[in-house]
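One structure is given below, encoded as structure tokens.
Nothing in this text is a laboratory measurement; each read-out follows from the coordinates by a stated rule. Since we're looking at a predicted model, the values are computed, not measured. As a convention, Cβ positions derive from the backbone with ideal geometry for all residues, glycine included, and neighbour counts pool all protein chains shown.
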Amino acid sequence: MYRSPKFSGLNIIILLVYSASWPQLGLSEDPISVQTAKSEPTLQVADDLTLDRLLSEPIVANPLHLSFDERGRLWVVQYRQYPWPAGLRLVSRDNVWRNIYDPPFAPPPPHADDSPFRGKDRITIHEDTDGDGQLDSHKVFLDGLNFATAVAKGRGGVFVMNPPYLLFYADQDNDDVPDSITPRILLSGFGIEDSHSIANSLRWGPDGWLYATQGSTVSGDIVRHGEDNAVLPNETPIHSLGQNVWRYHPERHEYEIFAEGGGNAFGVEIDSAGRIYSGHNGGDTRGFHYAQGGYSQKTFNKHGELSNRFAYGYYPAMKSNRVERFTHTFAIYEAKQLPPAYHGKLLGVNPVEHYV
């Protein structure tokens, strides 16, 4: 019988990871790195909260995306390949630092051990097997990925955002081992011009669609693939430039742009009313609310015009005090375990300026 882990109560889950050396170490080694052990005493925590260290180097490095499955296990996408894709040569970049590579993108996985396209990204599963609040079981679901940014479990397998591809790894018997090392290619065409703006943050919506975002300095020319992994006949690419929230319907095999504009979109938050938000990395605006079919303010000379030239305008951002950096990923807290002061508040992590 599954027991809820103790870390679901009065605390905030943070992965403590420090990038001094990024050694590629196995999961069996001591999880407490010297950097983590030295840094913990310097963390100041509010009196009404507790902070638990659940994972640290070398078990995890560059954790980019976290999600929980139906068994309460934590899935982590480790963006170890950042910032340069394996096997691609940087040719040039434009005036807003959109990179151009040769070849333009890597082929889809799997990549052999000696392939130049084999990356360092991995997807891992972590579980509290005895209910003591500590993640004591660690598995590697996928390794050798090249620019993996998000994972979502469901529909008999695992969806993986690996720009330029959205992939699906079947796992019908739910044994945490892909049924085939060759994934199904669902979509392709997600731009990789900027490694901190690429398509990211898969999340199931209450309507059965899989939601994600695309950042401000990448493009998209999205096409669907058939069961043979070839692009569907007579497929017309859906083009985009810059930030948007997009979604994919697994049963209907449909891709669409849900809303566009906003900040450098990274992260997807959905509140109890089904409203969708995404983060932004600085300036005098905060998280953007994305209404379906909406157009939001953006830096047009950098991120392109609205896709609909007949649009009457766009939603302006709600401005706040300017900060150099904010947070891409945040949570709107609507549970009741934390003290009342946190109810209905936005909780975000800002590692650049050292606070939550």
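Taking the Cβ of Leu66 as the center, what net charge do the other residues with Cβ under 12 Å away carry, scoring Lys and Arg +1 and Asp and Glu -1?
The answer is +1.
Provide Arg286, Arg275 in ascending order of the number of other Cβ atoms located within 10 Å of each residue's Cβ, fewest first.
If I rank by nearby Cβ atoms, fewest first, I get Arg275, Arg286.
May I ask for the distance between the Cα centers of the stretch 150-177 and the stretch 45-92, given as a whole number of Å?
17
Can you give the local net charge around Asp194? Use residues other than it whose beta-carbon is closer than 12 angstrom to its beta-carbon, Lys and Arg +1, Asp and Glu -1.
It works out to a net charge of +1.
Where does each of Ile125, Ile332 land when they are ranked from fewest to most other beta-carbon atoms within 10 angstrom?
Ile332, Ile125
Can you compute the label reach from Thr50? Point 7 Å from Cα along the Cβ direction, backbone N cut-off under 15 Å, restricted to the stretch 334-356.
In the stretch 334-356, the label zone of Thr50 (backbone N under 15 Å from the point 7 Å along Cα→Cβ) covers 337-339.
Pull out the extension gain between Asp207 and Asp94, defined as 0.36 nm times the separation in residues minus the alpha carbon to alpha carbon distance; nm, one decimal.
36.8 nm
About its Cα centre, what dipole magnitude does the stretch 38-134 give when the only charges are +1 on Lys and Arg Cβ and -1 on Asp and Glu Cβ, stated in debye to the nearest 20?
The dipole of the stretch 38-134 has a size of about 720 debye.
How far, in nm, would the chain grow between Leu232 and Phe310 when pulled straight, counting 0.36 nm per residue and subtracting the alpha carbon separation?
25.1 nm is the gain from fully extending Leu232 to Phe310.
Would you please give the FRET efficiency between Arg275 and His253, computed as 1/(1 + (r/R0)^6) with r the Cβ-Cβ distance and R0 = 22 Å, to the nearest 0.05?
FRET efficiency, Arg275 to His253: 0.25.
Net charge within 11 Å of Leu142 by Cβ-Cβ distance, Lys/Arg positive one each and Asp/Glu negative one each, not counting Leu142 itself?
Within the 11 Å Cβ shell, the charges total -2.
Can you spot the aspartates and glutamates whose alpha carbon is less than 17 Å from Lys302's alpha carbon? Ignore those fewer than 8 places along the same chain.
Straight-line reach from Lys302, under 17 Å: Asp94, Glu193, Asp194, Glu260.
Rounded to the nearest 0.05, what FRET efficiency do Gln297 and Phe68 have when you use their Cβ-Cβ distance and R0 = 35 Å?
0.60
Toward the positive end of the charge dipole of the stretch 217-326, about the Cα centre and with charges on Cβ (Lys, Arg +1; Asp, Glu -1), which of Val268, Pro237, Gly313 goes farthest?
Farthest towards the positive end: Gly313.
About the Cα centre, and with charges only on the beta carbon of Lys, Arg (+1) and Asp, Glu (-1), how big is the dipole of the chain? Nearest 20 debye, please.
Dipole about the Cα centre, nearest 20: 1080 debye.
Among Ala148, Ile59, Leu135, which residue has its Cα furthest toward the positive end of the charge dipole of the chain, with +1 on Lys/Arg Cβ and -1 on Asp/Glu Cβ?
Of Ala148, Ile59, Leu135, it is Ala148.
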